1. Using semi-axes √(5λ) of the Cα gyration tensor in Å as the read-out, say which of [x] 34, 16, 12; [y] 21, 19, 14; [z] 31, 18, 13 was calculated from these coordinates.
2. Applying the Karplus parametrisation 6.51 cos²θ - 1.76 cosθ + 1.60 with θ = phi - 60° to the phi angles of segment 86-100, what ³J(HN,Hα) value in whole Hz is obtained for each residue in order, glycine and proline being reported as x?
3. Just going by the charge dipole of segment 21-133, with Lys and Arg at +1 and Asp and Glu at -1 on Cβ, which of VAL132, VAL34, PHE52 is farthest out on the positive end?
4. Amide H to amide H, which residues 5 or more places from VAL103 or on other chains are under 5 Å from it, using H placed in the peptide plane?
5. Sorted by accessible area (1.4 Å probe), largest first, how do PHE63, PHE55 line up?
6. PHE142 label point, 7 Å along Cα→Cβ, cut-off 19 Å on backbone N: hits in segment 69-95?
7. Using the alpha-carbon centroid of each, what span in Å lies between segment 18-90 and segment 117-141?
8. Using only helices, what value at 222 nm comes out for the chain when you add -39,500 (n - 2.57) per DSSP H run of length 4 or more and divide by the total residues, to the nearest 500 deg cm²/dmol?
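The values are calculated or read from the model by the stated rules, or taken from the named source; none is laboratory data. Small disclaimer: the values here were computed from a predicted structure and weren't measured. Please note: Cβ atoms are built from the backbone with ideal geometry, for glycine as well, and neighbour counts cover all protein chains shown. Protein only, heavy atoms only, side chains kept; ligands, DNA and RNA dropped before computing areas. Shrake-Rupley method; radii C 1.70, N 1.55, O 1.52, S 1.80 Å.
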Amino acid sequence: MATLAEKVRFLSDPSAYPRITKSVEAKETHMSWVFLAEDRVYKLKKPVKYPFLDFSTLRRRQFYCEEEIRLNRRLAEETYLGVVPLRFERIGGLNLTGQGRIVDWLVEMKRLSHSDMLDTRLVENRVTEADVRDIGDLMARFY
C-alpha cells in the first residue's frame with residue numbers, strides 16, 4: 001500500500017504522467033494535493049475526515065472525485081476531463097497508465113492559463129462591466 005507521501009512524491013515527478021511534461025508544480029491544500037503539469041492539472045484528495053467532508057476511504061475519494069467532475073462540468077465541461085485511477089504494481093510501483101491495484105483516484109483537468117484567471121484579470125484591470133454582467137447572467141440562469 002502506497003502512503004500519501006509516496007503518492008505525492010510519485011505525482012511530483014514529470015515522468016509519472018502519460019502526456020509529455022517537463023515540470024510539475026505541487027500545491028498542498030487542507031484537503032488535497034494539486035499537481036500542475038504542462039497542460040493538465042491532477043488533484044489527489046487527501047485521506048482526511050472533517051466535520052464538513054469525509055475523504056477517509058478509497059471508496060469515498062473515488063465518489064467525491066466523480067462528484068467533482070459531474071458537478072463542475074455543468075459550467076466548465078471543457079476543463080473537467082475525468083477521473084484517473086492511481087495504481088500500484090508490485091513490480092514497477094505507482095503508475096497512471098498501467099495495471100495494478102487501484103490505490104487512489106485523481107481528478108484530471110485541463111490547465112488554464114494563469115493570465116486568464118479572474119483574480120489576475122482583476123489585478124490587471126482586464127474585467128469589464130459587461131464581463132461582470134455576463135457572469136451574473138450565467139449564474140442566475142444556472143441557479
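1. Matching the structure shown: [z].
2. Karplus values, whole Hz, x for Gly and Pro: 9, 10, 10, 10, 4, 9, x, x, 6, 7, 10, 10, x, 9, x.
3. PHE52
4. Correct list: LEU86, ARG87, PHE88.
5. PHE63, PHE55
6. 69-82
7. Centre-to-centre distance over Cα atoms comes out at 26 Å.
8. -10000 deg cm²/dmol
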